[in-house]
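The values are calculated or read from the model by the stated rules, or taken from the named source; none is laboratory data. The structure presented is a predicted model; accordingly, all values stated were derived computationally and were not measured. Positions of Cβ are backbone-derived with ideal geometry, glycine not excepted, and every protein chain shown enters the neighbour counts. Quick note on the areas: whole protein, heavy atoms, side chains included, nothing else; ligands and nucleic acids left out. Shrake-Rupley method; radii C 1.70, N 1.55, O 1.52, S 1.80 Å.
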Amino acid sequence: MLDTKTMVDNLIDIAAYLPVTIKLTIGALLIAIPFSILFAAAEIKRIPVITRLVRLYLSIIKGTPVLLQMFMIYALIPFWLNTFFTSTGKNINIYDIDPIWYGYIAISLSATAFLTEAVRSSILSVDKGQKEAGYMVGLSKWQVYKEIILPQALTVALPIFGNVIVDVIKSTSLAFTMSVTEVMGRAKIIGGMTTRYLEMYIDAFFVYVIFIFFVEIMIKYIEKSVTRYKSAR
Amino acid sequence: MLEIKNVKKSFRDLEVLKDVSLDIGDGEVVVILGPSGSGKTTLLRCISFLEKADGGSLTLGDKEVSLKKATKKQINEFRKNMAFVFQNYNLFANKTVLENVMEGLTVARKIPKQEAMERALEALEWVGVINKKDAYPSELSGGQQQRVGIARAVVLNPEVILFDEPTSALDPELVGEVLDLIKKVAKRGITMIVVTHEISFAEEVASRVVFMDGGVVVEEGTPDKILVSPKEERTKEFLSRVLPKDMYYI
Ligand SMILES: Nc1ncnc2c1ncn2[C@@H]1O[C@H](COP(=O)(O)OP(=O)(O)OP(=O)(O)O)[C@@H](O)[C@H]1O
Ligand SMILES: [Mg+2]
């Protein structure tokens, strides 16, 4: 029943789209990281209106399906851009825009939400006595953050970051709905051509399993090298 | 000279410090006693600006500052002459013992690394944990951590060191040696305010004992006066609870 020949023949073809998956992951994270740091800072500092907006953002993004967010981004942004370009008289065809950009944005929405939570909780996890001891040896607020709080928060945050990265990798598999051909998208396309969907899904399955396995090893390695000081506990 | 004037502090509608004043001479060792919740920690935190007081002022040397309205700059200026030894040590968890002691010298005071290291090593030698200089705080016993906490304070050459129950998180068998170290600090002539429940320490080391209750200084004086013949009923009652029977002469 299982056509193993088609399955083996197309494994490389599907795996060849791993770079797109990686590109989507990295692109989304590059957008999400600076925003999540700003958002987490806003939450911790309790800046009147901004903190509320950040919280609203978090609850909307976490409270709606990623797939729906992607559909909306894919429908809304071209529409906005089109309106914008037409009204400013620029002759730019929005269909020339590589859809991977919608992918970056759509995936970064939820990545930002989860990273914000990770950054916020890891900073708050550092005992406030650390900050006070820093002040009492004469450190400024910024020095306390740079020398004491952020390094400690990082060791708490890394495992959470690891989980977020894996989640982001998984959510890139939805990008095919925005006509970005990555691993999942390629599996679907070949599945359609050969009508051997199950075989192609199994191929994609293996590509993800192996890729995420390597990513997890890498994260563990980074964690180890950063959390040196806790290993003695 | 350290002059604490009219410190007031409330948390919401709980009035924790109701107008506390203390005059402390150079090199004095003032021990603050008092029941739990009497505001001892809050007083130390207010005069070190870790907590913003609702009123009161602090004079150190010839400089005076409002505890309520101090600017960042003033706070930094005052903290340069002040160190704090915490009940739970609060050593920087991501730094080694040596780095903990050097931090205030290199980062805050911009002292060259080499000189800072020499001073830090000397301080660690002095408190007796030089053999642990490359360990992280989590690898130390409570007693060792508090020694490092004291080295971190002493190395900055402050005029005043505030101790908030420096031995109450320690295993009983370690209390004595840390108290001995604090006595050694006192001999250096640094002005000290020590909140503690160790009455024998107060008796031996304090130049003055302050008894606080309910956010006010109930009574203060020499250890003899306060510990042996207190005037106030509240002091007597407190001492009868904390002193072993044979030490209590009243
Ligand atoms: N940050 C805070 N928020 C609200 N209440 C506080 C805060 N800090 C202290 N308090 C309250 O203020 C009162 C005095 O606390 P403080 O810690 O100064 O007492 P203390 O004399 O040091 O007691 P102990 O001997 O138990 O350490 C207590 O009732 C405490 O609950
Ligand atoms: Mg206390």
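Here are the numbers:
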{"item": "Number of positions in the stretch A:150-189 that are open to solvent by less than 10 Å² (accessible area, probe 1.4 Å) and either among the polar types (S, T, N, Q) or within 14 Å of another protein chain (Cβ to nearest Cβ) (or both)", "result": "3"}
{"item": "Residues located in the stretch B:143-164, provided they are free of Cβ contacts under 8 Å to residues at least 24 places away in the same chain and of a type in the set (Phe, Trp, Tyr)", "result": "none"}
{"item": "B:Lys52 touching a strand residue (DSSP E or B) at 6+ places or on another chain (Cβ under 6 Å), touching a residue at least 12 places away in the same chain (Cβ under 8 Å) and within 16 Å of ligand 1 (Cβ to nearest atom)", "result": "no"}
{"item": "Failed item, numbered, when B:Ser38 is tested on (1) within 14 Å of chain A (Cβ to nearest Cβ); (2) under 28 Å from B:Val242 (Cα atoms)", "result": "(1)"}
{"item": "Helices (runs of 4 or more DSSP H) wholly inside the stretch B:82-158 containing at least 1 residues that are facing chain A (nearest Cβ under 8 Å), touching a strand residue (DSSP E or B) at 6+ places or on another chain (Cβ under 8 Å) and among the charged types (D, E, K, R)", "result": "B:142-154"}
{"item": "Residue check, A:Tyr221 within 14 Å of chain B (Cβ to nearest Cβ) and either of a type in the set (S, T, N, Q) or open to solvent by 20 Å² or more (accessible area, probe 1.4 Å) (or both)", "result": "no"}
{"item": "Verdict on A:Val119 being surrounded by fewer than 18 Cβ atoms within 10 Å (Cβ to Cβ) and away from chain B (no Cβ under 14 Å)", "result": "no"}
{"item": "The one condition in (1) open to solvent by 60 Å² or more (accessible area, probe 1.4 Å); (2) of a type outside the set (Gly, Ala, Ser); (3) assigned by TED's automatic domain parsing to the domain that holds A:Pro65 that A:Thr195 fails to fulfil", "result": "(3)"}
{"item": "Output for the stretch B:41-81, where each listed residue is within 14 Å of chain A (Cβ to nearest Cβ), more than 16 Å from ligand 2 (Cβ to nearest atom) and basic (Lys, Arg)", "result": "B:Lys52, B:Lys72, B:Lys73, B:Arg79, B:Lys80"}
{"item": "Search result, residues across the stretch A:122-139 that are at the interface with another protein chain (Cβ under 7 Å from one of its Cβ atoms) and among the polar types (S, T, N, Q)", "result": "A:Gln130"}
{"item": "So B:Asp171, is it within 19 Å of B:Gly27 (Cα to Cα), away from ligand 2 (no atom under 16 Å from the Cβ) and open to solvent by 50 Å² or more (accessible area, probe 1.4 Å)", "result": "no"}
{"item": "Scope the stretch B:176-197; condition open to solvent by less than 60 Å² (accessible area, probe 1.4 Å) and within 16 Å of ligand 1 (Cβ to nearest atom); matching residues", "result": "B:Ile193, B:Val194, B:Val195, B:Thr196"}
{"item": "Test: residue in the stretch A:198-213 that is part of a loop (DSSP other than H, G, I, E, B) and either open to solvent by less than 30 Å² (accessible area, probe 1.4 Å) or modelled with pLDDT under 90 (or both)", "result": "no"}
{"item": "Number of the exception - B:Phe201 against (1) exposed (fewer than 15 other Cβ atoms within 10 Å of the Cβ); (2) within 16 Å of ligand 1 (Cβ to nearest atom); (3) in a helix (DSSP H, G or I)", "result": "(1)"}
